[in-house]
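Only one structure is covered here, and it is reproduced in the block below.
The values are calculated or read from the model by the stated rules, or taken from the named source; none is laboratory data. Keep in mind that this is a model prediction, so the values were computed, not measured. Cβ atoms come from the backbone with ideal geometry, glycine included; neighbour counts cover every protein chain shown. Quick note on the areas: whole protein, heavy atoms, side chains included, nothing else; ligands and nucleic acids left out. Shrake-Rupley method; radii C 1.70, N 1.55, O 1.52, S 1.80 Å.
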Amino acid sequence: VLIAAGSATPVTKKQMGILCEDARHVRISVEPLPLIEGGDEALDEVYRAVHKAVELLKSGEQPRAILFETALHGELLNLDEEDAKRHYAGGMSADRINAGLGMIIAQVLEIVGRERIAGLYTTGGDTMVNVCYQLGVECIEVMDYVIPQTDVGRLVGSPYDGLPVVGKGGLT
């Protein structure tokens, strides 16, 4: 399972911490500042995370889950301040981070192939949107829910048509 954790809430941080207590789950921390900067810096950070994940997936000891996260390690960024420093429109730093997570998921799937990935898990609504956008998804067919604001579905209308996906709101 590929996990994109774009939410920076304490709830998500605790949940992902518990997930990573299991040695079969691997965390790949993605630095948010290069993603916010964009350009070659962002592409280099995306490539670094993709390369690490592909190595893990091609190893003899493939993990059960790979967690890509930008806000669960280190100091939490104030994204409004990051926008102001760069003279970005409000929310652009968050959008760039989520787009980076989406690019990582898309490239890992493209390199290793769908048959190696059981499904996707995203935390944070904007993260889900960006992952789906990067994958060329037309929509998500909602199948059920685990708890309110945590839906189980399948991707529709992309090369990954039918791939299971769980989307969780950041505060859930």
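Results, tabulated for the structure shown:
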{"item": "Mean-position separation - Cα centroids, segment 16-54 and segment 74-101, in angstrom", "result": "16 Å"}
{"item": "Accessible area expressed per residue, segment 59-115, with surrounding protein chains retained (probe 1.4 Å, Å²)", "result": "52 Å²"}
{"item": "Filtered GluC sites (Glu not before Pro), segment 1-109: DSSP coil and at most 16 other beta carbons within 10 Å", "result": "E21, E61, E75"}
{"item": "Cα shape, the chain, gyration tensor, a/c 1.5 rule", "result": "rounded"}
{"item": "Acute angle (nearest 10 degrees) that the helix 10-19 long axis makes with the longest principal axis of the chain, alpha-carbon atoms", "result": "40 degrees"}
{"item": "Dipole of the chain [Lys/Arg +1, Asp/Glu -1 at C-beta], most positive-end residue of V1, S158, T122", "result": "V1"}
{"item": "Three-way shape call for segment 88-172 based on the alpha-carbon gyration tensor, with the a/c threshold at 1.5", "result": "oblate"}
{"item": "Within the chain, longest stretch clear of exposed trypsin sites (Lys or Arg not before Pro) (DSSP loop, no more than 15 other Cβ within 10 Å)", "result": "65-172"}
{"item": "Solvent-accessible area, 1.4 Å probe, carbon plus sulfur percent, for the chain", "result": "55 percent"}
{"item": "Rounded to 10°, Cα long-axis angle of helix 125-135 versus longest principal axis of the chain", "result": "70 degrees"}
{"item": "Within-11-Å neighbourhood charge of T123 [Cβ basis; K, R +1; D, E -1]", "result": "0"}
{"item": "Cut-off 15 Å between beta-carbons: net charge of the residues surrounding P164, Lys and Arg +1, Asp and Glu -1", "result": "0"}
{"item": "Cβ-based net charge around T150, under 13 Å, with every Lys or Arg adding one and every Asp or Glu removing one", "result": "-1"}
{"item": "Angle in degrees between helix 92-112 and the longest Cα principal axis of the chain, rounded to the nearest 10", "result": "30 degrees"}
{"item": "Charge dipole of the chain about the Cα centre (unit charges at C-beta), most positive-ward option of V131, I111, L35", "result": "I111"}
